[in-house]
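What follows is a single structure, written as structure tokens, with notes after it.
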Amino acid sequence: MTPTRIEITRPDDWHLHLRDGDALASVVAHTARQFARAIVMPNLKPPVTTVVQAEDYRRRILASLPAGARFQPLMTLYLTENTPVEEIARARASDSVVAVKYYPAGATTNSDSGVRELSRVYHVIEAMERLELPLLLHGEVTDPEIDIFDRERVFIERHLIPLRERFPALRMVLEHITTRDAVDFVSGAPANVAATITAHHLLLNRNALFEGGIRPHNYCAPILKRETHRAALLQAATSGDVHFFLGTDSAPHPREAKETACGCAGLYTAHAALEFYAEAFEQAGRLDRLEAFASFHGPDFYRLPRNEGRIVLERAPWIVPDEYPLAGSTCKPMRAGESLAWSLVETTAS
Ligand code: NCD
Ligand code: ZN
């Protein structure tokens, strides 16, 4: 029988871009209506590199929430080649910072301050391993010689395997994985290694970049891959394996920053995140495993309590608006103008 209702423990988003200022105010409600908590990426301009900056950013997020919203931002620090070891201790001692984010310099939006050479931050990573502060990795090489579709696989071979050997106890999350290679690496690793998977990488393959013409709104980092990889991601997400959990990587950009000669990377999915994941899990015939992926594996990895609230989705088709406001501009959401099968109808906070 076709299910018409899904009720699960309130989920969390373990990888999210909320931006700042007016853009933050435009988008945060979409996330807060679904998710109890979200790991907020630190790639602002300038990046969030200290606990003091993360705490200020956290206050700005809380101040932007709609009245009555129950939502907890979990903060991250942006790792640079100048991050002092003492900052790791401060992060560990803080109530608001839960992880440190590694961006290879130049890999994606606002990553100029990222790390050029991993070995230059080994002393910082050593402190993270010792203090059990998770390292979140944007897992792509930036070497222009490497084909863009191979950059995740080559990162695993060149950097991740050596990193695991050098720091076997390091708690790490390979973020927004896009390949079978990443699935194999993570599923074969012990419990201190995990991965997030976005809804768009579960639903789209690289053909979506060129459907009848170039589709800048489907361009993201890491780039969409071929169908065999999408199938491997869907299998991993719906397998029940605790290594894998939900992270939307919802990344809003103003429309004009994407519809241009050199467009920004990022899909906006926060407006219908759970609806998208439900669609993917239903496609795999595994709606029964959505709750563990969305609401259990993440908090278990981060050693946080599972949420007590619930959310309800119903099979009630609705049309995604053509655009949403974003600061003084607009943002084109995933599936703009198209129909979605599932609707979020209820969220209870506790
Ligand atoms: C992100 C952004 O716009 O901040 N873009 C994206 O395509 N995912 C950055 C990132 O996570 O790589
Ligand atoms: Zn991201």
Suppose we filter region 1-27 for residues that are within 15 Å of ligand 1 (Cβ to nearest atom), in a loop (DSSP other than H, G, I, E, B) and charged (D, E, K, R); how many remain? 2
Checked against (1) more than 14 Å from ligand 1 (Cβ to nearest atom); (2) under 19 Å from PRO104 (Cα atoms); (3) not small (Gly, Ala, Ser), ASP184 satisfies every condition except (2)
Helices (runs of 4 or more DSSP H) within region 121-189 that include 1 or more residues touching a strand residue (DSSP E or B) at 6+ places or on another chain (Cβ under 9 Å) and among the polar types (S, T, N, Q): 180-187
Pairs where the first residue, in region 39-68, is without any contact (Cβ under 8 Å) to a residue 60 or more places away in the chain and within 16 Å of ligand 2 (Cβ to nearest atom) and the second is in a loop (DSSP other than H, G, I, E, B) and of a type outside the set (A, V, I, L, M), C-beta under 8 Å, 6+ apart: VAL40/HIS17; PRO42/THR49; VAL48/PRO42; TYR57/ASP20; TYR57/PRO42
If you go through region 246-258 one residue at a time, do you hit one that is more than 10 Å from ligand 1 (Cβ to nearest atom), farther than 26 Å from PRO325 by Cβ and crowded, with 24+ Cβ neighbours inside 10 Å? no
Quickly run through region 200-219 and pick out the residues that are touching a Gly at 6+ places or on another chain (Cβ under 9 Å) and not in a loop (DSSP other than H, G, I, E, B). PRO216, HIS217
Taking the stated definitions as given, is TYR324 in contact (Cβ under 8 Å) with a residue 40 or more places away in the chain and surrounded by fewer than 22 Cβ atoms within 10 Å (Cβ to Cβ)? yes
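Values quoted throughout were computed directly from the atomic coordinates according to the rules given, and no laboratory measurement underlies them. These numbers were taken from a predicted model, which means no experiment stands behind them. Positions of Cβ are generated from backbone atoms using ideal geometry, with glycine treated the same way; all protein chains shown enter the neighbour counts.
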